[in-house]
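A short write-up of the structure that comes next.
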Amino acid sequence: MALAGCSTASTTGTTVSTTTSPSLTTTTLEPGVGATVSLSDGDGAGDTFTVTLVKVIQAANPARPSDAAPPADRLVGVLVKITGRAGSYNDDARHAVTVIGSDDDTYVAGAEKLKGCAGFAHDGLFNVDEGQSVTGCVTIVIKKSVRVETVEWTPPGQDLLDNIGRWRIA
């Protein structure tokens, strides 16, 4: 049942509710690695998909020396699986994935390649139709002294809290 001003994102094994009203928005954070979140692409066409946070590699290795992080930073790999549920969804995973650190800063994806965690075939770009899946790694450069606390998936053009996937990292 849907109510005006309310939406529910479902996850594998749990349900996360997000309530949006003119004066209040509250979101319950997802559990961590392994959780699957159902989202829409927000264009009003009814395109829906799921995102599973497969793995977070806290200290990832660069694929080649030119992919190394600056001395005060480290590479983090975020492995996600996107599955089309209805319609068609295309995006750039490097724009959709962000990490919130223990310093409360938001870290965005870079173009670095990782050893042992393959990226998306077209530098982050992908398309999934109903029933199709794609899995890939997104690289984040983060300060060595900062812990990854939250991973977020934001579909294009979505600034509202009710259509963002979130996973808490222990």
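Values quoted throughout were computed directly from the atomic coordinates according to the rules given, and no laboratory measurement underlies them. Keep in mind it's a predicted model, so treat the numbers as computed, not measured. Because the Cβ atoms are built from the backbone with ideal geometry, glycine has one as well, and the counts that use them run over all protein chains shown.
Structure summary
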| quantity | calculated |
| --- | --- |
| For region 71-145, fraction of C-alpha pairs farther apart than 17 Å, in % | 46 |
| Radius ratio Rg over Rh of region 102-156, counting only Cα atoms, Kirkwood formula for Rh | 1.01 |
| Selection of trypsin sites (Lys or Arg not before Pro), region 98-147, meeting DSSP coil and at most 11 other Cβ within 10 Å | Lys144 |
| Dipole magnitude of region 26-157 about its Cα centre (Cβ charges: Lys, Arg +1; Asp, Glu -1), debye to nearest 20 | 680 |
